[in-house]
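See below for the structure under consideration.
A short reminder: the numbers here are calculations on the coordinates, not readings from a lab. These figures come from a predicted structure and were not determined experimentally. Counting neighbours? That spans all protein chains shown, and the Cβs are built from the backbone with ideal geometry, glycine included.
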Amino acid sequence: MADKTQALPANVPGKWYVDANCIGCGLCASTAEKNFVMEGDKAYVMKQPSNSAEEADSRSALDSCPVQAIGDDR
């Protein structure tokens with residue numbers, strides 16, 4: 001489970017975030033390309049989901065993250 005206290009500073013403010021456990025696999029950025037982006041060897045949330053499709057894509061990214069580095073404040 002992602003740790004909000006370890007959230008990367010590049011994340012935009014909001015309930016979704018990527019934490020320091022990110023290994024830079026790029027899965028989230030390819031799954032939810034409107035919301036996650038790679039920068040160097042880490043991903044971050046560039047835009048909080050704003051509709052049901054983006055929310056579903058972000059949820060898929062969270063569920064698929066191999067190191068559970070994505071959080072959504074749930």
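Couple of notes before you dig in:
- Restricting attention to the range 22-33, the residues that are over 15 Å from A53 (Cα atoms) and surrounded by fewer than 17 Cβ atoms within 10 Å (Cβ to Cβ) total 4.
- Picking from residues in the range 1-18 that are surrounded by 15 or more Cβ atoms within 10 Å (Cβ to Cβ) and in a loop (DSSP other than H, G, I, E, B), the one that is nearest to the chain's Cα centre (by Cα) is W16.
- Residues in the range 39-74 that are part of a strand (DSSP E or B) and more than 11 Å from V18 (Cα to Cα): E39 only.
- Sole residue being in contact with a Lys or Arg (Cβ under 7 Å, 6 or more places away or on another chain) and among the aromatic types (F, W, Y), chosen from Y17, Y44: Y17
- Pairs are defined by a Cβ separation below 9 Å, a sequence spacing of at least 6 or placement on different chains, a first member in the range 1-30 that is touching a residue at least 60 places away in the same chain (Cβ under 8 Å) and of a type in the set (K, R), and a second member that is surrounded by fewer than 19 Cβ atoms within 10 Å (Cβ to Cβ) and part of a loop (DSSP other than H, G, I, E, B); the pairs so defined are K4/D73.
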